[in-house]
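Here is the structure we will look at, set down as structure tokens.
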Amino acid sequence: MKKERLSANRSFFRIGVGILLAVALFIIGTINLDSTPPLYWDEGWTLSVARNWVERGHYGRLLAGQPAPPGLEAAISVTGPIALSFYVFGVGVWQGRLVGVLFMLVTLGITYYLARQLYDRRVAAGTLAVLLLLPMYPQLHPLFMGRTVLAEIPMLFYLLTGYTCFLLSTYWSIYFIFLALLFWGIALITKAQVLPFWTISLALPLLVTLFKRQWKFAGLLAVGLGASLLVSQCLLLLEQFLLRGHTLPKTHLSGLYNFTALVPLMSNRLDALGTILVVGFPTLLGLSYNSWKYIKDSQQALSCEVQEVVRIALISLAGSWFAWYLLLSVGWGRYLFPATFVGTIFVAVMLRDLTDDFSLLSTIKRGASALTLSHFRWENSGALFAMILTVWSLSITVKGLYHLYFVFPDTSALEVVHFLNTQTPSNTLIETYESELHFLLNRRYHYPPDQISVDLNLRNLGNDISINYDPLATDPDYLVIGSVGHGSELYRPVLNNKAFRLLRTYGGYNVYERVR
């Protein structure tokens, strides 16, 4: 009886701690949500489409006040929830970013549950600790990514929920496989980048289960691999059907994958290697350690459990993503985030083994013994390494979070929009490439074609591409140049020709008035 009460008390305590942690993360996640980090270019397209969908019934952007096709926004599986938030809470920055915060909280919960099912409660708690305390780089931190209108966090939610449902289908109810297919299908349309790595994550354990003659697992993996692809295509057809009459055909972009997926330049390879060796190093070690451990333990095992199958899948997913990032990606830090997020589970396993099941006292004793250099033992060296890695990562992460909350806040985008909405005539036409301003403007605005964005990125990678764009073709009244406009130099000719005069400056934004 006492044991049952003790067990019940522990369960209530854990539930209470979980609720408090969720509330704390929600509060932290929503502090200064409209200004931290500053609203930026990638978010603007998605927010614009979501606003237009809610207010006009048009799934797409506006160009000079007229409906325009969708383009660089996130998939409908991201834009849809944001539109719902706009419908319920109104149009605004925090309303759009709130969706990411909620996705972040649920994804952390799914990750905890998945880690607990694959290992134990200590590893699950360690996974959350590593995710929140040791990422070292803002764009690898769930709190940062959850506060932005990007597709990474929603994609991870759909993807990891799919693996969780696959796991449950093997020992709870076979019907969970249908949920796995649905969530994997949604993940595949949320971010096209995930397709090759997800395919590897199912294909590799499929080969292992076939080799070990685990026909049930092999069958489920084969169904998951084929049917999820079918589901993703059906979802795209459903999207087209539902948006018929409410959108316009997308414009084909030439060369898009030449800077988002396939960049075999040595300078980018060195940048990617540097990022991995600094901020991706713990995850790389965790994946390597668990891969070695699996190969070592599986040599004598003739069968495998479902937990082992999912572990192989997740290691394959994160490992193949790491390999692509190193060998072919453009090297932007954000592109490494999914791999480090998934790989955190295996970092926690590595730290558990190095710290005697997360024993602080034992780890300190072992680390101190390693420093004496009297008797070399791998256990002592591992404990010392774990201590150094944790302290090093934690110090950099804390510094990054400090900058996020106390240095990054910037309301200049909101100030620009307020000026344009209140101090310019209602029929004003504004030329700006700063898409983060578009969705809040109540004036007509114009921007370069999406192909210009692709060509600019290709030019930055060393391609000899001429950029032909005339900002005066639409006869704009005002010009707003921010970080993207400055970096692209699209508007330098018209500024040199004195076609505009500087009117106001808000942070990194310059507002120009047309000289008539």
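The values are calculated or read from the model by the stated rules, or taken from the named source; none is laboratory data. Predicted, not measured: the structure shown is a model, and the values here were computed from it. Counting neighbours? That spans all protein chains shown, and the Cβs are built from the backbone with ideal geometry, glycine included.
Residues that are aliphatic (A, V, I, L, M), surrounded by 20 or more Cβ atoms within 10 Å (Cβ to Cβ) and in contact with a strand residue (DSSP E or B) (Cβ under 9 Å, 6 or more places away or on another chain) do occur in the stretch 495-515, at least one of them. Of Gly44, Gly71, all but one fail to be in contact with a His (Cβ under 6 Å, 6 or more places away or on another chain), more than 30 Å from Phe166 (Cα to Cα) and either in contact (Cβ under 8 Å) with a residue 40 or more places away in the chain or part of a helix (DSSP H, G or I) (or both); the exception is Gly44.
If you go through the stretch 319-334 one residue at a time, how many are part of a helix (DSSP H, G or I) and touching a residue at least 40 places away in the same chain (Cβ under 8 Å)? Count: 9. Across the stretch 145-159, the qualifying residues are those that are within 22 Å of Ser48 (Cβ to Cβ) and assigned to a helix (DSSP H, G or I), and the one among them that is nearest to the chain's Cα centre (by Cα) is Glu152.
Inspection of the stretch 122-132 finds no residue satisfying the criterion of being on the phi < 0 side of the Ramachandran plot and assigned to a loop (DSSP other than H, G, I, E, B). Between His403, His375, which is surrounded by fewer than 16 Cβ atoms within 10 Å (Cβ to Cβ), within 20 Å of the chain's Cα centre (by Cα) and either among the basic types (Lys, Arg) or not assigned by TED's automatic domain parsing to the domain that holds Met136 (or both)? Just a single option satisfies the conditions, and that option is His403. Just name the residue that is nearest to Glu431 (Cα to Cα) out of those in the stretch 457-494 that are surrounded by fewer than 16 Cβ atoms within 10 Å (Cβ to Cβ) and charged (D, E, K, R). Within the stretch 457-494, the match that is nearest to Glu431 (Cα to Cα) is Asp475. Here the condition is being assigned by TED's automatic domain parsing to the domain that holds Leu156, surrounded by fewer than 23 Cβ atoms within 10 Å (Cβ to Cβ) and in contact (Cβ under 8 Å) with a residue 60 or more places away in the chain; of Leu62, Leu84, it holds for Leu62 alone.
Within the bounds of the stretch 29-51, is there any residue that is surrounded by 14 or more Cβ atoms within 10 Å (Cβ to Cβ), under 22 Å from the mean Cα position of the chain (by Cα), of a type in the set (Phe, Trp, Tyr) and modelled with pLDDT under 90? Yes: the stretch 29-51 contains one or more residues that are surrounded by 14 or more Cβ atoms within 10 Å (Cβ to Cβ), under 22 Å from the mean Cα position of the chain (by Cα), of a type in the set (Phe, Trp, Tyr) and modelled with pLDDT under 90.
Scanning the stretch 156-188 for residues that are within 22 Å of Leu236 (Cα to Cα) and surrounded by fewer than 21 Cβ atoms within 10 Å (Cβ to Cβ) yields Ile177, Phe178, Leu179, Leu182. Residues being in a loop (DSSP other than H, G, I, E, B), in contact with a Leu (Cβ under 8 Å, 6 or more places away or on another chain) and under 22 Å from Gln240 (Cβ atoms): count how many of those fall in the stretch 47-68. So the count comes out to 2. Among residues of the stretch 473-516 being part of a loop (DSSP other than H, G, I, E, B) and among the basic types (Lys, Arg), the one that is modelled with the highest pLDDT is Lys498. Within the option set Leu206, Leu235, being touching a helix residue (DSSP H, G or I) at 6+ places or on another chain (Cβ under 7 Å) and either farther than 26 Å from Pro70 by Cα or outside any helix (DSSP H, G or I) (or both) holds for one residue only, Leu206. Scanning the stretch 437-460 for residues being basic (Lys, Arg) and either within 25 Å of the chain's Cα centre (by Cα) or under 12 Å from Gly255 (Cβ atoms) (or both) gives a total of 1. Selection of the stretch 78-102 for residues being more than 19 Å from Leu133 (Cα to Cα) and under 14 Å from the mean Cα position of the chain (by Cα) yields Val78, Arg97, Val99, Gly100, Leu102. When the test is whether a residue is farther than 30 Å from Leu160 by Cα and in contact with a helix residue (DSSP H, G or I) (Cβ under 7 Å, 6 or more places away or on another chain), Ala339 does not pass it.
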